[in-house]
Amino acid sequence: MPMVLEKAGLKKLAKKIVQRLKGGEVFLLFGDLGSGKTYFTQQIGYFLKAKRVKSPSFVILEIHKTCKDFYLAHFDFYRLSKKQVGDFEWSDFLFSPQYVSFIEWGEKIEPYLKNKKYFKIDFKIVSLRKRQIALSNNLEKWLKK
């Protein structure tokens, strides 16, 4: 069920997700430019005590040390075509218990993840300060456990 959130609400959602992370989880982030995907991942990084999480648009992947027993893998596939995403060495990171992965422009990798368990978050701009967030059903259930 979609919800409309301001920055404080996005922070609260990020904190709730971080509290459940064990390692190996993969999150696909969908939404237009400026819809909040990077900001949300920065909040995940903040609660994991990762340093300087920023958009990896030009480098495609940034790995961050966290306060937990896994690293934060932050992907941004904006500049890649779906074919280039298929050729990228992401399989070393995704679903490995050593990493928790947040992937901006998740629609580009989703076709390669058939029969895999991942979570989806869709971001839509409502106004300058508000975003509509839709969580996949499996993510909503996971958060309620």
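All of the numbers you see were taken from the coordinates with simple rules; none came from a lab. Here the structure is a predicted model, which is why all the values come from computation and not from measurement. So basically every Cβ, Gly included, is an ideal-geometry build from the backbone, and we count neighbours across all protein chains shown.
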Worksheet entry | Of all DSSP beta bridges in the chain, antiparallel share, percent nearest 5 | 45
Fill in: Extreme residue, positive dipole direction of the stretch 89-145, given options 115, 97, 135 (C-beta unit charges)
135
Response to the item:
For Cα extents along the principal axes in Å, with candidates (i) 45, 28, 22; (ii) 105, 26, 20; (iii) 36, 32, 31, the value calculated from the shown model is option (iii)
Practice prompt. Return the distance in nm (one decimal) between the two label points of a simple spin-label model at residue 96 and residue 46, each offset 7 Å from Cα along Cα→Cβ.
Written response: 2.9
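Given R₀ = 25 Å, what would the calculated FRET efficiency be for residue 142 paired with residue 55, taking r from the Cβ atoms and rounding to 0.05? Each step should come with its number before you reach the end.
Numbers: r = 26 Å, r/R0 = 1.03.
Plugging the Cβ-Cβ distance into 1/(1 + (r/R0)^6) gives 0.45.
Roughly how big is the stretch 37-124's charge dipole about its Cα centre, with Cβ charges of +1 (Lys, Arg) and -1 (Asp, Glu), in debye to the nearest 20? Please list the in-between numbers first.
Values: 16 positive and 10 negative charges, 45 e Å.
Dipole about the Cα centre, nearest 20: 220 debye.
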Worksheet item: Residue by residue through the stretch 82-99, which ³J(HN,Hα) values in whole Hz follow from phi under the Karplus form 6.51 cos²θ - 1.76 cosθ + 1.60 (θ = phi - 60°), with glycine and proline marked x?
Response: 4, 5, 4, 4, x, 8, 6, 7, 7, 5, 5, 9, 5, 6, 7, x, 7, 9
Discussion item. Report the Cα centroid-to-centroid distance between the stretch 115-136 and the stretch 1-61 in angstrom, as an integer.
Written reply: 10
Practice prompt. Provide the per-residue ³J(HN,Hα) series for the stretch 125-130, in order, calculated from phi with Karplus coefficients 6.51, -1.76, 1.60 and θ = phi - 60°, each as a whole number of Hz, with x at glycine and proline positions.
Written response: 6, 9, 7, 3, 10, 10
